[in-house]
1. Specify which of the listed residues (Trp37, Trp45) is touching a Lys or Arg at 6+ places or on another chain (Cβ under 7 Å), crowded, with 19+ Cβ neighbours inside 10 Å and modelled with pLDDT under 95.
2. Kindly indicate the residue of segment 230-249 that is over 18 Å from Val159 (Cα atoms) and in contact with a Lys or Arg (Cβ under 9 Å, 6 or more places away or on another chain) and also surrounded by the fewest Cβ atoms within 10 Å (Cβ to Cβ) among those meeting that condition.
3. Kindly provide the set of residues from segment 116-152 that are among the charged types (D, E, K, R) and within 25 Å of Arg90 (Cα to Cα), ordered by number.
4. Please state which one of Ile279, Ile288 is part of a loop (DSSP other than H, G, I, E, B), crowded, with 16+ Cβ neighbours inside 10 Å and in contact (Cβ under 8 Å) with a residue 60 or more places away in the chain.
5. Residue check: is Tyr416 more than 28 Å from Leu160 (Cα to Cα) and either part of a helix (DSSP H, G or I) or more than 23 Å from the chain's Cα centre (by Cα) (or both)?
6. Report, by residue number, each residue of segment 50-59 that is surrounded by 13 or more Cβ atoms within 10 Å (Cβ to Cβ) and either in contact (Cβ under 8 Å) with a residue 60 or more places away in the chain or part of a helix (DSSP H, G or I) (or both).
7. Mind checking whether some residue in segment 37-49 is among the hydroxyl-bearing types (Ser, Thr, Tyr) and touching a residue at least 24 places away in the same chain (Cβ under 8 Å)?
8. Run Glu128 past the list (1) closer than 26 Å to Ala442 by Cα; (2) at pLDDT below 95; (3) not aromatic (Phe, Trp, Tyr) and report the number of the one that doesn't hold.
Amino acid sequence: MHSVKDEEGLALINQLLEIYDQGYIAETLNDLGYDSWCRETINRWVKGKVDRKLSHGEFEHLKSLLPKPYQESGHEFRFIDLFAGIGGIRRGFDEIGGKYVFTSEWNKYAVRTYKANHYNDPEHVFNEDIREVTLSDRTDVSEEEAYDHIDRIIPDHDVLLAGFPCQPFSIAGVSKKNSLGRAHGFECNTQGTLFFDVARIIQAKRPSAFLLENVKNLKSHDRGRTFKIILETLDELGYEVADAAYDGTQDPKIIDAKSFVPQHRERIVLVGFRRDLGIHEGFTLRDISKHFPDKTPTFGEILEPESEVDDKYILTPKLWKYLYDYAAKHKAKGNGFGFGLTGPMDTARTLSARYYKDGSEILVDRGWDMDAGFEDMINQGNRPRRLTPKECARLMGFDKPGESNFKVPVSDTQAYKQFGNSVAVPVFRAVAKMMKPGILEAKAKLTEKDTRAA
């Protein structure tokens, strides 16, 4: 039986262990019918306690677990993703010809899911803690030293993507910092937040464009002050943010995913282009309506056949009674708190990172009769259930209805957190398509400028 070189086989095993555990890898190998692998064998091999080899067939079978590149060559621009999560924003930029060169994500479980689904070539840099790049937690480092460090670590790129956390900005100590001669106002105003790290990278690398994503409430966070500082910072950095002047209920920066997937999911989207390149004119997120699908999948279409769903996803009688009574109590008080029983033609509520707790915001209606109540044993068999992780992948647009291509190498609890923290993929696929002409125009202008300078 032809085998691969020891170091090649071990290197592949170690790469897969960044995604899957030893038991899963052993099971995958045993799929070929040899039944000679177990968790302990993999463990001992990796630790150098036993010598093993992979046959050529085993090597190729394991290699199939790794994601394939969206395209091998001919990329039209380069991009990076900060606070990448499980790569929801990246998808659209892969599809319009981008080459992914840098990722930053600190959550080890999200990293597993990310690496299971997105190809990263040898040039790609993977970072966990962005502060190790920006040096923002180092008081002994000057601005100039920080920018030099960023420039060395992060590859040059045309587009920056970031779904940064929402944090308040503190004004404490700002005047003192200003008196120390800070070169950039944002260095004072945003210090101590993760948006500060995004701003430092933009200042150091000067990408042609960026896309920043956050929850809708960012606009009202800290009485609007947080959002105001973010827009002022991006303006100071020399970028025009699309639709920056819009406010109120018709703000095109607030996009609801319900036109793409059967879920209400409002997010604020900030698209910016470098002012000096003159490529921002005419870009507006109002045009996203031109990219709405002809038909939005229904909630029923993203569900698995009920006969194939494990009973563990059905709510226990105790939990369902608790949620039911809780909703009734608040309804009596005139409050809107309660579960979201979702039928096949309904639009689901927003999937959140707390979904793993009780699933209350999106419960799959299995025919519960509100009039029959809890004493009816037949009705008890119709208790609602949570979505499965596969269904969450479809609800978020990682998969189409009927597909199960998106790999989930983590527990259900972690999967629910990851999908709840992610973006609706089709929304950002549409935004990527909208941004592409500006990205390529900027690239052409910079290439022409470099040619003239040479």
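1. On the way: Trp37 fails: touching a Lys or Arg at 6+ places or on another chain (Cβ under 7 Å).
When all the criteria are applied, what remains is Trp45.
2. The residue in question is Asp247.
3. Asp121, Glu123, Glu128, Asp129, Arg131, Glu132, Asp151, Arg152
4. On the way: Ile288 fails: part of a loop (DSSP other than H, G, I, E, B).
After applying the criteria, what remains is Ile279.
5. no
6. Selection gives Gly57, Glu58, Phe59.
7. no
8. Among (1) closer than 26 Å to Ala442 by Cα; (2) at pLDDT below 95; (3) not aromatic (Phe, Trp, Tyr), Glu128 violates only (1).
The values are calculated or read from the model by the stated rules, or taken from the named source; none is laboratory data. All values reported here derive from a predicted model rather than from experimental measurement. Quick reminder, even Gly has a Cβ in these numbers, built from the backbone with ideal geometry, and neighbours come from all protein chains shown.
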